[in-house]
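Okay, structure first, notes after.
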Amino acid sequence: MVRLGLVLMLAPAAAAAGRVASAAGLGATVFPASVQQGAMVIGKVPAGSRVTYAGRALRVTPYGSVVFGVARDASGPAVVNVVRPDGNQEHVNVAIVARDWPTEHVRGVPPRTVSPPAAVAARIRREQEAVSAARAASDDGTGFAEHFIWPVKGRISGRFGRHRVYNGTPGAAHSGMDIAAPQGTRVLAPASGRVVFAEPDLYLSGGTILIDHGYGIGSNFLHLSQLDVAVGKRVRQGDVIGRVGATGRATGPHLHWGMTWFDTRIDPLLVLERLR
Ligand SMILES: [Zn+2]
């Protein structure tokens, strides 16, 4: 596929969004005027600016881009503070559009994964801590700014953020998006990045891979039947990373694809649709 440079790729997004901009010799500050709950937000600031959002300093790419995620239950506006290289400050308000979160019933899940036996509680906690630690990765790759592709093609069988009821027992909100696909289907890296976690058999998520797309944005791929990459591997968009399976808490073969900004979960579907 045609790869555009980072700056060229970002320009249409900003233009299409209707935006907050300031004109000055150092370049404009550009953020979307509004985003949905669960969105990945990319903004432009003058290179060399210092930027904070939600109490966190955002690293600025050499091109003057910053990225952050909006939580599923966030209410707006998101306030971004920008201190420009000339010392002037800007406060950018990004409105957050609320979404509906219907309930999804999932039946036929292995009972041991809905109410795990006490004996495995420690194992689950340990595995979740390892995943959380990997999620803190945030290197200088800019895969997050690429035009994400679907890791597998298929019907969406579960949407991000919906209330989940497993075998009649309420669970947490769905942390990603499920794509139905046959067992063994190749799973592609939706954008470039570095593999920061790869384990074949976690209790709840089965075969699990995490990719760091840079600047705090990451993807996780669950229930895999096979892993084709190991920790430390740099992948490019479209590289095969593993195969679809039904390992862990799953009713049948599908890919669960989750995305995060550090520990904030965001909606992969919004990321896929960002430039369309
Ligand atoms: Zn899922």
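Readers should treat all values here as calculations from the given coordinates under stated rules, not as data from a laboratory. All values reported here derive from a predicted model rather than from experimental measurement. Heads up, the Cβs are rebuilt from the backbone with ideal geometry, glycines too, and the neighbour counts pull from every protein chain shown.
One table, with the values for the structure above:
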| item | result |
| --- | --- |
| Cα centroid of the stretch 201-264 to Cα centroid of the stretch 40-64, whole Å | 27 |
| Percent of beta bridges antiparallel (DSSP, the chain, rounded to nearest 5) | 90 |
| At R0 = 30 Å, FRET efficiency that the Cβ-Cβ distance of Arg155 and Asp73 yields, to 0.05 | 0.65 |
| Extension gain from Ala28 to His163, taking 0.36 nm per residue of separation minus the Cα-Cα distance | 44.6 nm |
| Förster radius 41 Å - calculated FRET efficiency between His105 and Ala54 (Cβ-Cβ, nearest 0.05) | 0.80 |
| Trypsin sites (Lys or Arg not before Pro) lying in DSSP loop within the stretch 130-197, provided at most 14 other Cβ fall within 10 Å | Lys153, Arg155 |
| Kirkwood hydrodynamic radius of the chain, from inverse mean 1/r over distinct Cα pairs, in Å | 19.4 |
| Cα→Cβ-extended label distance, 7 Å offset, between Tyr63 and Ala118, nm | 5.5 |
| GNM result for the chain, Cα springs below 10 Å: residue of Val45, Val106, Val70 fluctuating most strongly | Val106 |
| Neighbour-limited loop hits for trypsin sites (Lys or Arg not before Pro), the stretch 21-125 (at most 12 other Cβ within 10 Å; DSSP other than H, G, I, E, B) | Arg107 |
| Principal axis dimensions, the stretch 47-189 - Cα atoms, whole angstrom, descending | 60, 33, 32 |
| Extension gain (nm, one decimal) between Ala130 and Val231, 0.36 nm per residue minus Cα-Cα | 35.1 nm |
| In the stretch 167-276, chymotrypsin sites (Phe, Trp or Tyr not before Pro) in a DSSP loop with at most 15 other beta-carbon atoms within 10 Å | none |
| The stretch 144-165 residues near the modelled Gln36 label - backbone nitrogen below 15 Å, point 7 Å along Cα→Cβ | 156-163 |
